[in-house]
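Questions regarding the structure given below will be posed in turn.
What follows draws every value from the coordinates through simple rules; no lab data is involved. Bear in mind the structure is a predicted one, so any value in this text is a computation, not a measurement. Virtual Cβ from ideal backbone geometry, glycine too; neighbours counted across all protein chains shown.
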Amino acid sequence: MAIYFPNSEIDDLGGEVWRITSSFTGSQHPMLNWEKSDDVYGAGNNLSILSYSNGIFSFNSDQYGWFLLNWNNYAYHNDNVRYLDYSLEVSWNSGSNYDTHGVAESGLSPNSTSNYSTGGSATGFVLGNSVTRIRWRMNAQNSGCTTYGDTQQTATGFSIVKIASENP
């Protein structure tokens, strides 16, 4: 049974976890090589919230509503990286224009020949509907910095959780 509010309702709640499947160095825009997590625990339920194609995510028509997004990255390098910006970009007009919606900021300064690691995380809310598109940008100050991706675990990726349906 749904719970109704003036501009939304809470009904079928659920989520998904997405991750990049391979590491890359430097910046990447939009970020590519995504897969929906296939972990037995924590990967989400049977809701199919997002569709993916060539770095762009769109919302499936039976899942429009308000969503909480959490994103995190893991990166390493053996030199200074003043900034590593992992940004969520949202389009409200089917991908014609994008705005930066939030940034997970990190950096490192080892001054060493050993690899050091860093990571960042951020959270945001998005209204997902037929014209909403999301994509991810990694902007690295140092082109030698490696952003880690893996098909067995979510090192760099995001979770998306439906928290309310669009205005019924």
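Report the label-to-label distance for Glu166 and Tyr83 in nanometres (one decimal), using points 7 Å from each Cα along the Cα→Cβ vector.
Result for the modelled spin labels: 3.4 nm.
Using the count of nearby Cβ atoms within 10 Å as a rough guide to exposure, how do Phe158, Phe24 rank from fewest to most?
So the residues, fewest neighbours to most, are Phe24, Phe158.
Which cross-chain or sequence-distant (5 or more) residues have an amide H under 5 Å from the amide H of Glu166, H modelled 1.01 Å from N in plane?
Amide H neighbours of Glu166, under 5 Å, 5+ apart: Gly65, Trp66.
May I ask for the percentage of alpha-carbon pairs in segment 15-165 that lie more than 19 Å from each other?
Summing the P(r) of segment 15-165 above 19 Å gives 51 percent of all pairs.
Label His101 and Val131 with points 7 Å out from Cα along Cα→Cβ: what is the distance between them in nm?
Distance between the two pseudo-spin positions: 1.5 nm.
Let me ask you something else. Only residues of segment 127-157 count here: report those whose backbone N is under 15 Å from the spot 7 Å along Cα→Cβ of Ser48, or say none.
The answer is none.
Continuing with this model, one more query. Given labels modelled 7 Å from the Cα in the Cβ direction, how far is it in nm from Ser61 to Thr123?
Calculated label separation equals 3.4 nm.
What does the charge add up to near Ser121, with Lys and Arg as +1, Asp and Glu as -1, over the other residues with Cβ less than 13 Å from its Cβ?
Residues near Ser121 contribute -2 overall.
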